[in-house]
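Novice: Let me give you the structure first, and then I'll get to my questions.
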Amino acid sequence: TDRKLDPDLSPEMDFETRMNAVRLWQGEQAFLIGHQLLHGQIKARDAAADWTRLADTCVTLMAQAAEMETARRFGPAPGSWSIIGLGKLGGREMTAGSDLDLLVIYDAQGAEGAQTWFTKFTQRLITAISAETSEGSLYETDMRLRPSGRAGPVATSLSAFESYHQTSAWTWEHMALTRLRPIVGDTGLGAQVQAIAERMLQSRDPVQRTTDILDMRARLYREKAPQGPWDLKMRQGGLLDLEFITQHAILTAGTPQPLKPELVEAQAQLLATGIWPPDVYDSLARSFELLQALQQVQRMANDDIAGETELSMALKERLCRASGCDRFEALEQKLEQTCAGVFEVFCRNIGVPATEP
């Protein structure tokens, strides 16, 4: 079946009806993407793009619904707004079951009551995306990457966003900016947010940033220790290490790197600007391709598989097909070699993270 680009929504629909219509459509689309991925009809890279397009459409439709509902109750928006994606959503790397890292930025030029209006708008947006209705929910949302984290207001003014990142942000918050991508809202405002992020990427001392990234990786080893060789994100030389290597290179480049939220494009840019030699680029690009393909299939089957013993025969077959290996033993070997290579680059470029407390 062909995938429909968006659901049928009529202008007369109220907020609740709209929420349910989008949930119903999203469930059908998610089923189709998963089916095509598991049957080898689409590649992992295409699945990531499809999951992301689906999420983008849902965020767009729910933001429009939230704006209509907020305007109906509190009058029109007192300024412009932009919904920003970060993490896997920003990087167009969504998998089955990924949550949405979102940021709501507004620019109201000091209009009275703007913070209140945009707070109500953001609360409605979160409800529209994550509340359980009779048709289920769309996505878990994560707003922790906003300035001041959980303590900060859910909607952030453009000036507050800029001054926070200039003066108070931690290195990990600047790492998060490397995946920033405007999804819906005022395009001019989205471009301003991107421009601020780009400036912030080159704004700090590279030596301090390297220390911070190494400390952060060590802390994650202690707090979220890898659960086994198939913990593709947290294991040594896994997806998190790959992302850290790429973000470290961007944040310490010394030459401005235009914002490329997709890891594949960010890595290609590091090659093009001479930050990475071709052999490092080739090795890391191939590693990401393998790990992403495996994670896409794994997330479809079961989120929490970490050890080989928990993999069914059918899943082993699908993982082999996704990675181009004819036998599972060959895949295990390829995974070990790949992760060892990634970890070696991590240690060479950033340092050796302490894995013990």
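Novice: May I ask you to list the residues in the range 161-186 that are in contact with a strand residue (DSSP E or B) (Cβ under 8 Å, 6 or more places away or on another chain) and either outside any helix (DSSP H, G or I) or polar (S, T, N, Q) (or both)?
Specialist: ARG179, LEU180, ARG181, PRO182, ILE183, VAL184, GLY185, ASP186
Novice: Continuing with this model, one more query. Can you report the number of residues in the range 1-56 which are within 16 Å of LEU89 (Cα to Cα), open to solvent by 20 Å² or more (accessible area, probe 1.4 Å) and of a type in the set (A, V, I, L, M)?
Specialist: Residues in the range 1-56 being within 16 Å of LEU89 (Cα to Cα), open to solvent by 20 Å² or more (accessible area, probe 1.4 Å) and of a type in the set (A, V, I, L, M): 2 in total.
Novice: Cβ contacts < 8 Å: first residue open to solvent by less than 60 Å² (accessible area, probe 1.4 Å), restricted to the range 259-281; second residue of a type in the set (Phe, Trp, Tyr) and not in a helix (DSSP H, G or I), any location; separation 6+ or different chain. Result?
Specialist: Correct list of pairs: GLN267/TRP276; LEU270/TRP276.
Novice: While we're on this one: Which residue is nearest to MET175 (Cα to Cα), if the candidates are limited to the range 247-276 and must be β-branched (Val, Ile, Thr) and in a loop (DSSP other than H, G, I, E, B)?
Specialist: Residue satisfying both the conditions and the ranking: THR252.
Novice: Condition test on ALA96, is it in contact (Cβ under 8 Å) with a residue 60 or more places away in the chain and in a helix (DSSP H, G or I)? Break it down into steps so the answer makes sense when it comes.
Specialist: Numbers: in contact (Cβ under 8 Å) with a residue 60 or more places away in the chain: yes; in a helix (DSSP H, G or I): no.
Spelling it out, it is not the case that ALA96 is in contact (Cβ under 8 Å) with a residue 60 or more places away in the chain and in a helix (DSSP H, G or I).
Novice: Could you tell me whether any residue of the range 98-120 is open to solvent by less than 10 Å² (accessible area, probe 1.4 Å) and over 22 Å from ARG146 (Cα atoms)?
Specialist: no
Novice: While we're here: Any residue in the range 164-176 that is closer than 30 Å to ALA30 by Cα and touching a residue at least 60 places away in the same chain (Cβ under 8 Å)? Lay out the reasoning, then the answer.
Specialist: As a first pass, look at the range 164-176 and keep what is closer than 30 Å to ALA30 by Cα: 175-176.
Cutting the leftovers down to touching a residue at least 60 places away in the same chain (Cβ under 8 Å) gives us 175-176.
Scanning the range 164-176 turns up at least one residue that is closer than 30 Å to ALA30 by Cα and touching a residue at least 60 places away in the same chain (Cβ under 8 Å).
Novice: Condition check: open to solvent by 10 Å² or more (accessible area, probe 1.4 Å), aliphatic (A, V, I, L, M), farther than 21 Å from LYS233 by Cα and in a helix (DSSP H, G or I). Does MET68 satisfy that? Please lay out each step first, then the result.
Specialist: On the way: open to solvent by 10 Å² or more (accessible area, probe 1.4 Å): yes; aliphatic (A, V, I, L, M): yes; farther than 21 Å from LYS233 by Cα: yes; in a helix (DSSP H, G or I): yes.
Answer is yes for this residue.
The values are calculated or read from the model by the stated rules, or taken from the named source; none is laboratory data. Keep in mind the model is a prediction, meaning the values are calculated, not measured. Using ideal geometry, Cβ is built from the backbone for each residue, glycine included, and neighbour counts are taken over all protein chains shown. Keep in mind that these areas ignore ligands, DNA and RNA; they rest on the heavy atoms of the full protein, side chains included. Shrake-Rupley method; radii C 1.70, N 1.55, O 1.52, S 1.80 Å.
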